[in-house]
Amino acid sequence: MDALISGQAGAAAILGRDGQIRRVGEAPLPHLPQHLLGRFFAGSTDIQRRAVASIYELDAITQRAWSSDRALRMFLMLIDPSEPEDAVDEYAACLEELLAEPEAEVFVRKNMYSKPLPASVDTVRTAAIVKGHAKSSGLFERLIRDQSRIAQVRNSFDAVSPELLDEPKSKSMVLEAAIMNGAFVDLVDALRGNADVNLIVLKLLAQLRHVRGSREVVERWTSEMRKPASTPTLVPELAEESDPLDESRFVAVLDQALANIQQRKRRSKGGSSADLAGIKREISWIGARLKSGDTVGAEQALGTLIERQGRRSRMEDIVKTLTAVADLARDAKLFDFTLRMIAGIERIGSLDSAAANVRAETLRDLGRYEEALAAFEDTMRRYPSDEVAPTARAETLRELGRYEEALAAFEDTMRRFPQDEVAPNASAETLRDLGRYQEALAAFEDTMRRFPQNEVAPTARAETLRELGRYEGALAAFEDTMRRFPQNEVARNARAETLRDLGRYEEALAAFEDTMRRFPQNEVAPNARAETLLDLGRYEEALAALEDTMRRFPYDEVAPNVYAHFLGSRGTIAKVEELLAPAVARLRTKGDWVAAHILAMARLRAGRVDEALADIERGVKYCTYREQHRYFETARPLALLAKRQAAEAARQLENLAAISSLPREEKTNIVLFQAHALAEAGEFHRARNIVESAQIVDFAAARQRKLAEAITERYGLVSGVPASAGRAEELSGTISMLEFDLVRPKLWTFRASAVRAA
Amino acid sequence: MPDEAAALEVRLAVAHASARARGVEAELKSFSSSVNSSKAIMNRRLDILQSWLNSNNPLFITFHQQVRSGARLPEDTRWDQQRTSAENTISPNFYSQLSLAALSLDSLGMSYYGPYCVVLKNDLIAHRASVFEENPFEFNRKHAIISGQMPPAGYRAPWIHRDKLAVSKLAAKVSSGMSDSDFPNVLIEPRRDQWDCDFIEVHMYGPIHHAAIEHVSGPIPRARADRAIWNQVKRKLKDIDANWDEY
């Protein structure tokens, strides 16, 4: 459904005959004719038209928009020197409540970073008022600290002559768009050394492309801030975020906390377990900040928390806090942040097994497998009773494709720690990787008997059924798991995905939406829902949903990749390059390499074959993630095919097809690509044999069948008569499109993670 | 405007003749006299009201889009075309410069457009206000006017002659025995919270400064942040010598 949403109005209007007005915190109003909506929303400058899937989604968007608007109002009222003393405490309390919504803080920053504060603002008074409010004080302190940079960015903007533009109003429109797109915040961040100004300018140009005169203004505005173009660094060394100010502050906070602890001989009464719930809440809030991409806010809150703990808690409690935050940062894929936390723990001199495991897991996440293995082994030596390191080491072996070693390591762990629930599941997953499905099913069932409260085993068992094509059994198993474990998010998503496998798209959509309602922080459901919309050809809705996900989860790697893949399939290469530029410039995580792969394939599809081949070769050479690496290897022959080097392509595909541990659907793809290459090379007989023998199964079956049919007809593999010139051209387009789709790496997995949080 | 005035006089004469025939001439005269003291009431949401009262606050001017934004971003306004087309037909070339209100004999306006009823000071708007029969969209529909056509004359009047328009439009609703207390619900239908409630529109040229506010009435908001805003609004109203009441 389509709706108009305004945070200022705190209301949304569902368009259409059966529409209604939905208001934040109020009962809905019945239908209002469209000709009166303009009057209902009169005065709102933030109206957005959105396609939404459900009332739930609409209400959530409206609530967030309202919170953002009200948070800004509260902030302005709070810093207004004309506001009476007896009112401002209430403003601070309201602001703190509103900032619980991460989007609200981002919104306040976007606006407050657009111009330096007037001199009349009493910063001492405001700092005192917000002192007891962690989020508000963090926001305010940061704003004050950035005033000189804000002034620099704004002065540069003001220096742009309006005479550059055709219309007098253009500059103010560019200003408005720049503020609402967060350009001032980004540029201030860049001046602090936290971001690449050139990428920010590229992003800004793209965001403002519909605003007349934006290119002229942006180029002139940022001319002195931009750096000479530089080549993206491949697999950069682990580097801490270049923010010396914050780095030194973080260290100072830690040192002060340690000094305070040393001064106290024993733990004060204030450090009792009554604080634990508050600390957990604070850590959880920091996690939400990290997930929303706000490292600044997270760091501020962490600094406040550490300061407090320094006065009241023990040293090991601070280590636990830093470990928990490090793990949350890792979960948000903010690896530099994680490593800073680990460095902080090392500074305290108390790296326990949990912290050591987070560090090793981070190395693994970064594809530095050998270092990760060494780190896990070191932890196993230093902490022989730790159960996590041996399991995580075995999982690292599994990721490296060293399955037999992994199985042996899991068995060893199970012997040493018979009560460990993670190792049996991970071991069963490895059996599944090896295609030993019956053994995997039996192992999961054994774990379910031994650990009835373990929710990973039933979910993973259901997924194994799904992988075997036993969809009805899988659905029943997922539903049973959902009944027994209502908080299990994986089972819900995997069930919905199974419905999608079965072509029951509407049910799948409803299921994803239900998950989004129950688990608003779940990132998988909105992406999977968008993919389902793409399946249904509801492209506009899908793209709008992906854009929403990108806004809500700025560090989510999947949504931009899905978005880019779709655009790539439509040949919109410029937008794909713009979207994937940050990931391709980083090339650190799996998601970054997936992005690089999608970009390469989009270039190939756009006919930029040499560029595509160079991208692919880079992946083959540098990508350390095994699965992603294999996708580059699979893509290379397709690029060679495009370069008319069919024989070499066929040879490479033959080698790939010989890998015994390939997942079944991937093997089928490779075999089909091989048939294509052979046919192109004139080896029709071999090509026909391959097509006929290809096992076309699992979720991609429809596309695989289509590809087999297209290759068969294009080269006349059965009839012996190749297609006519016109038809051949048409079929070549179809083949290219299907290969583009099939060679795409998996963007996410529904597998129940056997990894245990450290 | 001579055509408009003449056409309105014709409608007025018909209304009086009808009243005479129905024996309600005295009541109609009372109604006309009441309307001479009617007010323009703008209904506003709390956010608009706050921004309005902060329109000379340097912080709001700089940092809040609602006050700052002289330049609207390009946006999809297809959903609003019916309204703008209707208003452009009635007030060609200047409809976007108009501020709208309802003509009222009590302190209540059309709550569908916002729960806060803002009564405006007559002397600050009289020189740039006129009254129009009803919502332009409804008017065009009833009179089968399509975009580009001229609307019929006699359905608008300058502020000082708002009684003439009210009598012309509403004479049939004035009945025997009616007194001053009945007239508010004649001028605006009593179901103020319904979108199709009928009323006479006040069209004021140009923006309205908050100094024109005489009185505001509205609900105490449920949300904590909105209560804080309402409390600020009340203080600002006091600063400009305006009254308020809440429920």
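Among the residues of segment A:89-107, is any within 8 Å of chain B (Cβ to nearest Cβ), within 25 Å of A:R49 (Cα to Cα) and buried (at least 18 other Cβ atoms within 10 Å of the Cβ)? Yes; the residues of segment A:89-107 include at least one that is within 8 Å of chain B (Cβ to nearest Cβ), within 25 Å of A:R49 (Cα to Cα) and buried (at least 18 other Cβ atoms within 10 Å of the Cβ). If only residues of segment A:654-683 that are hydroxyl-bearing (S, T, Y) and in contact with a helix residue (DSSP H, G or I) (Cβ under 9 Å, 6 or more places away or on another chain) are counted, the one that is surrounded by the most Cβ atoms within 10 Å (Cβ to Cβ) is A:T668. The helices (runs of 4 or more DSSP H) falling completely within segment B:1-65 that include 1 or more residues that are at pLDDT 90 or above map to B:2-22, B:25-35, B:46-53.
State which residue is farthest from the other protein chains (Cβ to nearest Cβ) when the search covers only segment B:191-212 and only residues that are surrounded by 14 or more Cβ atoms within 10 Å (Cβ to Cβ) and more than 26 Å from B:D163 (Cβ to Cβ). Of everything passing the filter in segment B:191-212, B:H210 is farthest from the other protein chains (Cβ to nearest Cβ). The sole residue among A:E666, A:E648, A:E654 that is modelled with pLDDT under 85, in a helix (DSSP H, G or I) and of a type in the set (D, E, K, R) is A:E666. Within segment A:21-51, the set of residues being touching a residue at least 24 places away in the same chain (Cβ under 8 Å), more than 7 Å from chain B (Cβ to nearest Cβ), of a type in the set (A, V, I, L, M, F, W, C) and not in a loop (DSSP other than H, G, I, E, B) comprises just one member, A:A51. Say whether the condition of being over 27 Å from B:S55 (Cβ atoms), aromatic (F, W, Y) and within 14 Å of another protein chain (Cβ to nearest Cβ) is met by at least one residue in segment B:140-161. Within segment B:140-161 (the criterion being over 27 Å from B:S55 (Cβ atoms), aromatic (F, W, Y) and within 14 Å of another protein chain (Cβ to nearest Cβ)), the answer is no, since none of the residues qualifies. Apart from one condition, A:P384 fits all of (1) over 30 Å from the mean Cα position of the chain (by Cα); (2) touching a residue at least 40 places away in the same chain (Cβ under 8 Å); the exception is (2).
Where strands (runs of 3 or more DSSP E) fall wholly inside segment B:124-212, the ranges with 2 or more residues that are under 23 Å from B:S111 (Cα atoms) are B:129-132, B:201-205. When A:L78, A:L72 are screened for being facing chain B (nearest Cβ under 9 Å), of a type in the set (A, V, I, L, M) and either touching a residue at least 12 places away in the same chain (Cβ under 8 Å) or part of a helix (DSSP H, G or I) (or both), only A:L72 passes.
Scanning segment B:213-223 for residues that are more than 8 Å from chain A (Cβ to nearest Cβ) and either under 15 Å from B:N54 (Cα atoms) or without any contact (Cβ under 8 Å) to a residue 24 or more places away in the chain (or both) yields a total of 1. Kindly indicate whether any position in segment A:623-632 is at pLDDT 85 or above, of a type in the set (D, E) and in a helix (DSSP H, G or I). For segment A:623-632, residues at pLDDT 85 or above, of a type in the set (D, E) and in a helix (DSSP H, G or I): absent.
Per the conditions (1) in a helix (DSSP H, G or I); (2) surrounded by fewer than 21 Cβ atoms within 10 Å (Cβ to Cβ); (3) more than 11 Å from the chain's Cα centre (by Cα), the sole criterion not satisfied by A:G537 is (1). Filtered by the rule that a residue be more than 12 Å from B:Q232 (Cα to Cα) and either surrounded by fewer than 16 Cβ atoms within 10 Å (Cβ to Cβ) or not aliphatic (A, V, I, L, M) (or both), segment A:74-88 gives A:F75, A:P81, A:E85. One residue stands out in segment B:224-247 among those that are touching a Lys or Arg at 6+ places or on another chain (Cβ under 8 Å) and not acidic (D, E): the one that is farthest from the other protein chains (Cβ to nearest Cβ), namely B:W244. Taken over segment A:21-55, the criterion of being of a type in the set (D, E) and surrounded by fewer than 20 Cβ atoms within 10 Å (Cβ to Cβ) is satisfied by A:E26 alone. With respect to (1) at pLDDT below 85; (2) more than 7 Å from chain A (Cβ to nearest Cβ); (3) crowded, with 16+ Cβ neighbours inside 10 Å; (4) more than 24 Å from the chain's Cα centre (by Cα), the lone exception for B:S85 is condition (4). Restricting attention to segment B:213-247, report how many residues are outside any strand (DSSP E or B), among the aromatic types (F, W, Y) and surrounded by 13 or more Cβ atoms within 10 Å (Cβ to Cβ). The number of residues fulfilling the criteria is 1. Here A:A679, A:A639 are screened, and the one residue that is free of Cβ contacts under 8 Å to residues at least 60 places away in the same chain and in contact with a Phe, Trp or Tyr (Cβ under 7 Å, 6 or more places away or on another chain) is A:A679. Annotation note: of A:A491, A:A545, the sole residue that is in contact (Cβ under 8 Å) with a residue 24 or more places away in the chain, of a type in the set (A, V, I, L, M) and within 27 Å of A:A100 (Cβ to Cβ) is A:A545.
Restricting segment A:162-188 to residues that are away from chain B (no Cβ under 14 Å) and modelled with pLDDT of 85 or more, the residue that is farthest from A:K203 (Cα to Cα) is A:V188. Criterion applied to A:A65, A:A92 was being assigned to a helix (DSSP H, G or I), at pLDDT 85 or above and touching a strand residue (DSSP E or B) at 6+ places or on another chain (Cβ under 8 Å), and the one residue passing it is A:A65.
Confirm whether A:A606 is of a type in the set (A, V, I, L, M) and modelled with pLDDT under 90. Yes: the conditions hold for A:A606. Would you check which residues across segment B:23-34 are more than 19 Å from B:N185 (Cβ to Cβ) and touching a residue at least 40 places away in the same chain (Cβ under 8 Å) and list them? Hit for segment B:23-34 is B:G23, nothing else.
Only one entry of B:A166, B:A172 meets the criterion of being of a type outside the set (F, W, Y) and buried (at least 18 other Cβ atoms within 10 Å of the Cβ), and that entry is B:A166. Considering only residues of segment A:8-20 that are crowded, with 18+ Cβ neighbours inside 10 Å and at the interface with chain B (Cβ under 9 Å from one of its Cβ atoms), which is nearest to A:A53 (Cα to Cα)? Going through the qualifying residues, I end up with A:A13. Within segment A:122-132, restricting attention to residues that are surrounded by fewer than 19 Cβ atoms within 10 Å (Cβ to Cβ) and in a loop (DSSP other than H, G, I, E, B), the residue that is nearest to the other protein chains (Cβ to nearest Cβ) is A:D122. There is at least one residue in segment B:89-104 that is hydroxyl-bearing (S, T, Y) and modelled with pLDDT of 85 or more.
The values are calculated or read from the model by the stated rules, or taken from the named source; none is laboratory data. This one's a predicted model, so the numbers in the text were calculated from it and none came from an experiment. We place every Cβ from the backbone using ideal geometry, glycine too, and count neighbours over all the protein chains shown.
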